[in-house]
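What follows is calculated from the coordinates using simple rules that are stated; it is not laboratory data. Model, not experiment: these values are computed from the prediction. With ideal geometry, Cβ positions are generated from the backbone for all residues, glycine too; neighbour counts draw on all protein chains shown.
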Amino acid sequence: MAEKTVIEAVREAMWEEMQRDPTVFVMGEDVGQRGGVFLSTQGFIEEFGADRVIDTPLAEASIMGIALGAAFGGMRPIPEVQFSDFVWPSVNQLIGEAARTCYGTNGQLPVPMVVRIPYGGGIRGGLFHSQNVEAHFFHTPGLKVVTPSTPYDAKGLLKSAIRDNNPVIFLEHKKTYRLVRGEVPEEEYVLPIGSADVKRVGSDVTVVGYGLVLHYCLEAAAEAAGRGIDVEVVDLRSLRPLDTATILESVQKTGKLLVVHEDNLTGGVGAEIAALAADHAFEYLDGPVMRVCGPDVPTMPFASSLEDAYMPTAEKITAALDRLAAY
């Protein structure tokens, strides 16, 4: 085992998969000579050459269209969207085409592409470098959506995504890139897409989260433990497919559910999980399903005070845990 950051784990996963499989290649804005704006492909062009590490124009629709065509032709492209805020020109290629192709061809034409998307706030990125986009893809059958929180999960899930024959939206929270460190095995391993992970076992309240806020959930759970509230923390890791069995098993044990995500409150992942609990665990609930989420404003504010007000925090989660535990 070696301690790595999230960005190091992402880089290592792509490097190893490109060494293993010559059909894997990366493409995107500044991924070549510069090594990516977050240096996720640093050193790749020297190792794999310009035919497999392709600097593209600033044209997301073209990036996804070319990647889609390459996937149709038997390649395994990893197109990068530099910031989640720039994904919108490519939505037709992703939602309108990639998500529909396997279904539309009765499984005869797979779409093995992984779209890496750095997302999220907390880095003072302002309105156009901080957006959360998961709900748009979460809503779309035909796409897999992965949201790792730790280096271990990021590497194992990315390797699985690259080997998958379905289009995968791989969301990486920018603030976790160098903030979050963890142990990563040196030997080969993969993690199954669609399997949640119980990061902390507890008996009083279930907290479900993913990405950056997962770490705030763990911090809040430790704080709550000092007041006698035993919190179980479930890391979704994948949004689609959603591991409903792990969520329901935890809720049936604790009787209380809090969902935390950074994206807007309305129509988000938390709403679907609340509906899941209402449909399948109603008789186990001892209190209302609660959510700590971003507010319903168009995007992340630029002012540091407003960004702080927008972001879920350990303090906000702790306060919600206290209210829920009181039921």
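Grab the other residues whose beta carbon is less than 12 angstrom from that of residue 12, score K and R as +1, D and E as -1, and report the net.
Within the 12 Å Cβ shell, the charges total -1.
Rounded to the nearest 10 degrees, what's the angle between the helix 269-280 long axis and the longest principal axis of the chain, both from Cα atoms, 0 to 90?
Between the helix axis and the principal axis of the chain, the angle is about 60 degrees.
So how do 102, 293, 217 line up by other beta-carbon neighbours within 10 Å, fewest first?
Ordered from fewest to most neighbouring Cβ atoms within 10 Å, 102, 293, 217 come out as 102, 293, 217.
Which residue, 98, 154, 277, tops the fluctuation ranking in a GNM of the chain built on C-alpha contacts under 10 Å?
Its mean-square fluctuation being the largest, the pick is 277.
Which of rounded, prolate or oblate describes segment 121-270 when judged by the alpha-carbon gyration tensor and an a/c cut-off of 1.5?
Rounded, because the longest to shortest axis ratio a/c is under 1.5.
How large is the translational diffusion coefficient of segment 2-184 in µm² per second when you combine the Kirkwood radius over alpha carbon pairs with Stokes-Einstein at 4 °C and 1.567 mPa s?
80
Based on the alpha carbons, how large is the Rg to Rh ratio for segment 1-78 when Rh follows Kirkwood?
0.98
Just need the relative contact order of segment 238-303 here, percent rounded to a whole number, with Cα pairs under 8 Å and 6+ apart.
42
Using DSSP, restrict attention to beta bridges with both residues in the chain and report what percent are antiparallel, rounded to the nearest 5.
20
What list do you get for 45, 169 if you sort them by fewest beta carbons within 10 Å?
Fewest-to-most ranking of 45, 169: 45, 169.
In whole Hz and in residue order, list the ³J(HN,Hα) couplings for segment 107-113 that follow from phi through the Karplus curve 6.51 cos²θ - 1.76 cosθ + 1.60, θ = phi - 60°; x for Gly and Pro.
Couplings: x, 7, 10, x, 10, x, 10 Hz.
Per residue, how much space in cubic angstrom lies within the convex hull of the C-alpha atoms of segment 197-325?
About 98 Å³ per residue, rounded to a whole number.
By counting other Cβ atoms within 10 Å of each Cβ, how are 90, 238 ranked from fewest to most?
90, 238
Name the residue, out of 270, 125, 226, whose mean-square fluctuation peaks in a Gaussian network model built on the chain with Cα pairs under 10 Å.
Checking each option, the largest mean-square fluctuation is seen for 226.
Read through the labelled values [x] 59, 44, 42; [y] 51, 44, 36; [z] 101, 43, 30 and report the label of the one computed as Cα extents along the principal axes in Å from the structure.
Structure-derived value, by its label: [x].
Considering only 195, 213, 81, whose Cα is most displaced toward the positive end of the charge dipole of the chain, charges sitting on Cβ of Lys, Arg (+1) and Asp, Glu (-1)?
Result: 81.
Once a ≥ b ≥ c are taken as the square roots of the eigenvalues of the Cα gyration tensor of segment 93-195, is the result rounded (a/c under 1.5), prolate (a/b larger than b/c) or oblate (a/b not larger than b/c)?
Oblate.
What whole-number distance in Å separates the alpha-carbon centres of segment 252-324 and segment 22-40?
Between the Cα centres of segment 252-324 and segment 22-40 lies a distance of 35 Å.
How much net charge surrounds residue 295 when only other residues with a Cβ under 15 Å from its Cβ are counted (Lys, Arg +1; Asp, Glu -1)?
-3
Looking at segment 103-204, which GluC sites (Glu not before Pro) are DSSP coil and have at most 16 other C-beta atoms within 10 Å of their C-beta?
Passing sites in segment 103-204 are 186, 187, 188.
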